[in-house]
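Notes to accompany the following structure.
The values are calculated or read from the model by the stated rules, or taken from the named source; none is laboratory data. In this text, all values refer to a predicted model and were calculated from it rather than measured experimentally. Positions of Cβ are generated from backbone atoms using ideal geometry, with glycine treated the same way; all protein chains shown enter the neighbour counts. SASA here: full protein model, heavy atoms, side chains in, ligands and nucleic acids out. Shrake-Rupley method; radii C 1.70, N 1.55, O 1.52, S 1.80 Å.
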Amino acid sequence: MNSKVLPIYACIRLMLLAMFEVNMKERDGGSVTISNLTPKAVKAFLDYAYTGKTEITNDNVEMFFQLSSFLQVSLLSKACSDFLIKNIDLVNCLQLLSISESYGSTKLFEHTLEYAQLHFSLLLQSKADELNVPDEESVLKAVFCWMKHDLETRHKYLPPLMKKIRLHQLPEKTLQDILHSEEQLLKTTNCLAVIKEAIQNVQCFSGLFPDPRPSTTEKYILVHKTEENNVNQHTFCYNIKTDQWKELIQINIFDLPGSSLSSYGEKIFITGGCRGNCFRTIRLHIAGTFHDATDQTWCYCPANDSFSLVSAMKKPRTMHTSVTKASQDIKSLLDVEAYNPLTREWKSMSPLPRGIYYPEASACHSVIYVLGSEIEITDAFNPSLDCFFKYNAITDQWSELVAEFGQFFHATLIKAIPVNCTLYICDLSTYKVYSFCPETCVWKGEGSFECAGFNAGAVGIEDKIYILGGDYAPDEITDEVQVYHSSRSEWEEVAPMPKALTEFHCQVIQFNKFRDPWLQKQCDTNDYT
């Protein structure tokens, strides 16, 4: 979207009049409480309040709209509405309908509704993930609303439309309500069984479906570490949208030394590790002469704070890696096996072409890339990155890639991250980022980040790479978090972690907003910004 410069004056006076001269609770309390906004957003609004000018963009328009509606700054609210009206499209029109109702903009509502009506057939043909809606229930309501407007001629379209709705992402109560309120319509259109099946799926597999629409979820980075004494734990989550950290004091994740942690849907799976007195530090763990590895797999569900054993792997593992792809599988390497959370079964897959150490794995749709070293350990503890494999999950076949890295990489100092189905590696020793082109088998330099500690965490979300924490020396551990925007090749620093950490688990996890257990509370004393 194009940006728009808006000159407005005497804004502070207007806000004070709105809050303290009309019958608002702020008049009696003498203070203003605003929630669900980042410090950066509030600063931008205060800059506008003092200067009387701001630039409305796609990134800040909703924030300005929310604040201007709350504080009754009508000129700014109108400017936000006009900006959004000029930029209505198939991707955002349903979301704008919801926003216009929330912020009381009749003009935006009318324009958006008219656009949706004129382009309804295109809306139905749009890709499922392009629907920018606040929740899946909005899609369900839209279908029934449209159906009932001309039930006699439209009822035949209900079965194909129901296939477009991700019913398993709805609350069970919503499905039960539809089952009872629309029972006759569902029967006559042969859709009753569809709703009943969705209810059964929610009851049995809630949180195990990895296909929510992006706009209906809240995304987090989960950081977890258990100290060497196996008692002290540090667990906190970072909200991508609000740029805020939250310490999760009550969570007690059971992870053995050498275990691997993966998120799938709304749950965390922990595989393998060593029982006994093995060290958690990578260098010391690998140097151990005996490893009592386990084949056990645990599942942690943040939504109800439950921890349970699931089916054991076929082989005991420690110091392995695991990666999630977009079907229902979790894969553990060196030998390869896959776990299906819906059937609760492990099965053996095609083995790697040869064994590797320090594996880094990333999934890009149906392809899994694995990088590592043939050498287990050297005196200098700097095994080279000399193995690069590609796995096709559809054909269950491995292939070895011959890719020129262009320089020497330490296998223990690179992080492999998928971003928009492109494989990236971050080199923690040179602070450089590279992307891989599968067509040419060539690595391309994408720029450098300012700094990063060894043993840092790294994850990819949408078009961004997050580098978290790490150590520059045994007694110099950092809490810094940097973000690389691949779309514009720029880095920025965001809110630091609540505690400086090195060698920790780091995963992306997302929740349906109605089921988000980590929703930020304004008065939560354990929030960090």
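Of the set (1) open to solvent by 30 Å² or more (accessible area, probe 1.4 Å); (2) touching a helix residue (DSSP H, G or I) at 6+ places or on another chain (Cβ under 8 Å); (3) modelled with pLDDT under 55, all apply to Tyr50 but (3). Checking Ser77, Ser100 one by one, the residue that is touching a residue at least 12 places away in the same chain (Cβ under 8 Å) and closer than 21 Å to Glu136 by Cα is Ser100 and no other. Checking each residue in the stretch 277-328 for being of a type in the set (Val, Ile, Thr) and open to solvent by less than 70 Å² (accessible area, probe 1.4 Å) picks out Thr281, Ile282, Ile286, Thr294, Thr297, Val310, Thr318, Thr321, Val323, Thr324.
Could you name every one of the strands (runs of 3 or more DSSP E) located completely within the stretch 428-529 that has at least 3 residues being open to solvent by 20 Å² or more (accessible area, probe 1.4 Å) and at pLDDT 90 or above?
Numbers: elements: 432-437, 442-448, 457-461, 464-468, 471-473, 481-485, 490-494, 505-512.
It comes to 505-512.
Considering each of Pro383, Pro353 in turn, give the residue that is open to solvent by 20 Å² or more (accessible area, probe 1.4 Å) and at pLDDT 75 or above. So that I can check it myself, show each step before the final result.
Numbers: Pro383 fails: open to solvent by 20 Å² or more (accessible area, probe 1.4 Å).
Answer to the selection: Pro353.
Any residue that is free of Cβ contacts under 8 Å to residues at least 40 places away in the same chain and either within 16 Å of Ile417 (Cβ to Cβ) or of a type in the set (Val, Ile, Thr) (or both) - is there at least one of those in the stretch 487-510? There is at least one residue in the stretch 487-510 that is free of Cβ contacts under 8 Å to residues at least 40 places away in the same chain and either within 16 Å of Ile417 (Cβ to Cβ) or of a type in the set (Val, Ile, Thr) (or both). There is no residue in the stretch 279-291 that is touching a strand residue (DSSP E or B) at 6+ places or on another chain (Cβ under 8 Å) and modelled with pLDDT of 85 or more. I'd like the full set of residues that are closer than 17 Å to Phe514 by Cβ and either in a helix (DSSP H, G or I) or at pLDDT below 85 (or both), limited to the stretch 135-156. Within the stretch 135-156, Glu136, Glu137, Ser138, Val139, Leu140, Lys141 qualify.
Return yes or no: is Ser81 in a helix (DSSP H, G or I) and in contact with a Pro (Cβ under 8 Å, 6 or more places away or on another chain)? Outline the logic, then answer.
On the way: in a helix (DSSP H, G or I): yes; in contact with a Pro (Cβ under 8 Å, 6 or more places away or on another chain): no.
It is false that Ser81 is in a helix (DSSP H, G or I) and in contact with a Pro (Cβ under 8 Å, 6 or more places away or on another chain).
Taking first residues from the stretch 239-253 that are at pLDDT below 85 and partners that are open to solvent by 60 Å² or more (accessible area, probe 1.4 Å) and not in a loop (DSSP other than H, G, I, E, B), the Cβ contacts under 8 Å between residues at least 6 apart in sequence or on separate chains come to Asn252/Phe307.
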